[in-house]
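Asks: Can you read through this structure? Questions will come right after.
The values are calculated or read from the model by the stated rules, or taken from the named source; none is laboratory data. Note that this is a predicted model, so its numbers are computed, not measured. All Cβ positions, even for glycine, are placed from backbone atoms using ideal geometry, and neighbour counts span all protein chains on display.
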Amino acid sequence: MKHQKLIHILTIVLFVLPLALGLILFAALPDNDFSAEENRSLQTFPKLTWTSLKDGKFGSDMNEYFADQFPVRDALVGIKGIAELAIGKMGNNGVALGKDGVLAVRWFDSYVDRLTRVYDTDYYSEDSVAAQTNALNQLSADLAAQNIPLTVIIPPRTLDVYGDKTGYPAEMAERLWADIDAGLDENVNYLDLRAIMQNAIENGEYVYYRTDHHWTTKGAYLAYTELMRAWGRVADIIPESAFEIETVEDFYGTTWSRAGLKFIAPDTLELWHFDGEDGYTVTDPATGKSFSGFYNREYLAKKDKYSAFLDGTHSVLTVTKNDGTDRPTLLVLKDSFFNSTVPFLAQHYDLVVVNLSVGGVKPLSEYIAQYGCDGVLIMYNGENIMENDALASVIYQKPTKQEDMQ
């Protein structure tokens, strides 16, 4: 009887002690506002207002706060990932674990409208995607009337290019691209790079990371060569032999962070250098700060090594050559996929780079009026097409001042 009572007491202690310890640590440790491991902002304690309480936002933010600030969270995420695999699941946190250590996001946050999003889903809003393709059709027609050529690249997702390695059903991946193809008019100069990237991977080329959602620098180079071909500038393509490649080890991308599968081996990140790259200046017009070349090497010592390309996140950047030559200007609407293509395109164009992944983006017409341009390039990846309407918004926005259109 005493033995059974001791077992009951021990069971209660083992149950209560971790909870009590977690509560003490939660109260004692300061909140973190950023996770270097996941390269994202963390939810801090939300402000209580009558509106946030009434519409349920306060409760939702509190749940996210507890999840983000829980003690030893990173370790627990890793344990959860191993447990998910142990019970037969093919991944964790919406990330599929494929062959050869390929990690591919397969759950997305589908954008429906400004008030509605569907989280952690394989599907997307067809109406939302149609709104984006319609915006591109309208933009193409508007720019054609101004004799400004438009080129569109929608970089494929990891699960689109790695095919069977990810275990993601091909027919589901094809749905998005079929809708994009059907939605774009014939007059839109759209470059579909899926087959090119797939063929490169099948031939053993390293064109997409395994632990991150971006293409590699070699993948960016392939995108650059296809752009130059589409623009009738094949003779101007800079050969790979003109670059000296610097390899940076131990790159763990955002997909690795989300998956929590700590045993997956890291990627390598490449910086492609060429003679005279310090003769180019990258400037943030909002702050006036600038730097030479295309890489911020401070990031190479951090987990977020990809931000070495073009110094990470800025609303608008200009890239110019310092020798004073008169060069054509290319206006780019982009997400972070474009950052690694800059060292190639900057050798042919002055660039005005508008980041659609941050807030405060002005209407496209205002950038054209402010900077002028000889062409417009849109490079916005397939995941973002599903998850937000930033592309359509910047196209359809009206100028803030009528005189900016003059």
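Asks: Looking only at region 197-216, filter to residues that are under 15 Å from the mean Cα position of the chain (by Cα) and outside any loop (DSSP other than H, G, I, E, B); which one of those is farthest from residue 344 (Cα to Cα)?
Replies: Let us first name the residues in region 197-216 that are under 15 Å from the mean Cα position of the chain (by Cα), namely 208-216.
Adding the requirement that they be outside any loop (DSSP other than H, G, I, E, B) leaves 208, 215.
Numbers: 208: 18, 215: 15 Å.
Going through the qualifying residues, I end up with 208.
Asks: For residue 256, which of the numbered conditions (1) surrounded by 20 or more Cβ atoms within 10 Å (Cβ to Cβ); (2) of a type in the set (A, V, I, L, M, F, W, C); (3) more than 18 Å from the chain's Cα centre (by Cα) fails to hold?
Replies: Single failed check for residue 256: (3).
Asks: From the set of residues in region 284-306 that are in contact (Cβ under 8 Å) with a residue 24 or more places away in the chain and part of a helix (DSSP H, G or I), which is nearest to residue 347 (Cα to Cα)?
Replies: The selected residue is 306.
Asks: When both residues are 6+ apart or on different chains and their Cβ atoms are under 7 Å apart, which pairs have a first residue that lies in region 129-154 and is assigned by TED's automatic domain parsing to the domain that holds residue 338, and a second that is among the acidic types (Asp, Glu) and crowded, with 18+ Cβ neighbours inside 10 Å?
Replies: These pairs meet every condition: 131/389; 132/389.
Asks: Okay, next question. If I filter region 122-164 down to residues being hydroxyl-bearing (Ser, Thr, Tyr) and over 14 Å from residue 388 (Cα atoms), which single residue comes out as surrounded by the most Cβ atoms within 10 Å (Cβ to Cβ)?
Replies: Residues of region 122-164 that are hydroxyl-bearing (Ser, Thr, Tyr), as a first pass: 123-125, 128, 133, 140, 151, 158, 162.
Okay, now just the ones that are also over 14 Å from residue 388 (Cα atoms), so 140, 151, 158, 162.
Details: 140: 24, 151: 20, 158: 28, 162: 24.
Filtering region 122-164 for residues that are hydroxyl-bearing (Ser, Thr, Tyr) and over 14 Å from residue 388 (Cα atoms), the one surrounded by the most Cβ atoms within 10 Å (Cβ to Cβ) comes out as 158.
Asks: Now for a different question. Hey, which of the strands (runs of 3 or more DSSP E) in region 311-406, taking only ones fully inside, have at least 1 residues that are touching a residue at least 40 places away in the same chain (Cβ under 8 Å), within 15 Å of the chain's Cα centre (by Cα) and buried (at least 20 other Cβ atoms within 10 Å of the Cβ)? I'd like the intermediate steps shown before the answer.
Replies: Details: elements: 316-321, 329-334, 350-355, 375-379.
Once the strands (runs of 3 or more DSSP E) in region 311-406 are filtered for at least 1 residues that are touching a residue at least 40 places away in the same chain (Cβ under 8 Å), within 15 Å of the chain's Cα centre (by Cα) and buried (at least 20 other Cβ atoms within 10 Å of the Cβ), what remains is 329-334, 350-355, 375-379.
Asks: Could you give me the residue pairs with C-beta distances under 6 Å whose first residue belongs to region 232-252 and is free of Cβ contacts under 8 Å to residues at least 24 places away in the same chain, whose second residue is of a type outside the set (D, E, K, R) and in a helix (DSSP H, G or I) wherever it lies, and which are 6+ apart or on separate chains?
Replies: Qualifying pairs under 6 Å: 237/225; 237/228.
Asks: Within region 198-206, is even one residue at pLDDT 95 or above and among the hydrophobic types (A, V, I, L, M, F, W, C)?
Replies: Checking region 198-206: at least one residue is at pLDDT 95 or above and among the hydrophobic types (A, V, I, L, M, F, W, C).
Asks: Could you list, in sequence order, all residues of region 256-276 that are at pLDDT below 95 and not in a loop (DSSP other than H, G, I, E, B)?
Replies: 256, 257, 258, 259
Asks: Related question: Given 142, 120, 109, which one is not in a strand (DSSP E or B) and not β-branched (Val, Ile, Thr)? Working first, answer last.
Replies: Numbers: 120 fails: not in a strand (DSSP E or B); 109 fails: not in a strand (DSSP E or B).
Result of the check over 142, 120, 109: 142.
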